[in-house]
1. May I ask you to verify whether D70 is in contact (Cβ under 8 Å) with a residue 24 or more places away in the chain and exposed (fewer than 12 other Cβ atoms within 10 Å of the Cβ)?
2. Filtering region 1-45 down to residues that are loosely packed, with under 12 Cβ neighbours inside 10 Å and at positive phi, which residue is modelled with the lowest pLDDT?
3. Of these, L26, L57, which one is farther than 20 Å from L91 by Cα and aliphatic (A, V, I, L, M)?
4. For region 54-79, which positions are assigned to a helix (DSSP H, G or I), within 24 Å of G11 (Cβ to Cβ) and among the hydrophobic types (A, V, I, L, M, F, W, C)?
Amino acid sequence: MRIGVLAERAGVSVRSLRYYEEQGLLASSRSASGQRHYTDDGVARVRFIQRLYAAGLSSRTIAELMPCVDAPSERNSDAALDRMALERDRLSEHIDELLRTRDTLDRTIASARAHRESLRTAAATGGQGGERRRS
């Protein structure tokens, strides 16, 4: 099938398919006129690639997992499982870092609110925005 047909059936853009080819994730043959042609299993492969992207994997990581698909074996399966576990650990660390960052932001927001409230209180009591008056 031609690239436009594959793109439509798989629900992706032609540009995505070209990118997948550049990254070595998808292969095509070329016609005499240079047009790309894909096999019928291209749709399933593209959808699989899309699921891996949705799982937060990079094209490089996906390329490392493809031997499990292209040449199924216990060794390739073990390698793919190990690689996915590493990616999960990486994502967990990133989530932990984001949670710490959010907690820091929450404390900063609380401090800013407290400061704003002190300004309101000072203004209501005739103060100078929390500044001390000089004698």
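The values are calculated or read from the model by the stated rules, or taken from the named source; none is laboratory data. The shown structure was predicted, so the numbers you read here are calculated from the model rather than taken from an experiment. Positions of Cβ are generated from backbone atoms using ideal geometry, with glycine treated the same way; all protein chains shown enter the neighbour counts.
1. no
2. Across region 1-45, the extreme among qualifying residues is G34.
3. Sole residue among the options that is farther than 20 Å from L91 by Cα and aliphatic (A, V, I, L, M): L26.
4. Matches in region 54-79: A54, I62, A63, L65, M66, C68, V69.
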